[in-house]
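Read through the structure below, which is laid out as structure tokens, and then see the notes.
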């Protein structure tokens, strides 16, 4: 479950990190009811999730690498090299993450992004992390 906060943080940042990507995703995959409902154009706000690469910096300083894929799916490699992935959905203004093979889901809310695109996110359990967009992961790790 500690990895879910990293994922949620990244998705929260993605939500505010590029309305162009959000609009492109909705136009590209109009057949996906879930995506079309979640990515609703420039006024979608936090509930929109932009595809891309993100680093999730947890409160303990560990950094997880997250990729949000088109179609509201995600994959992540945790700081300890443990891989995970799953799906994303929006609920009550929050981004919620379902981890494959794990029962239930975790939801996160996000603050307004900083000038560098980073964003503080908070899980429903109170755990916080900072999500920041990156072109490539440290060590050029691919997910």
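Please treat every number below as a calculation from the coordinates, not as lab data. On a predicted model such as this, the values are computed, not experimentally measured, just so you know. Because the Cβ atoms are built from the backbone with ideal geometry, glycine has one as well, and the counts that use them run over all protein chains shown.
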Given a Förster distance of 22 Å, report the FRET efficiency between residue 116 and residue 62 from their Cβ-Cβ distance, rounded to the nearest 0.05. 0.65
Here, residue 128 and residue 69, labelled 7 Å along Cα→Cβ, have an inter-label distance in nm of 3.3
If we sort 51-58, 86-93 on the protection proxy, mean other Cβ atoms within 10 Å, highest first, what's the order? 51-58, 86-93
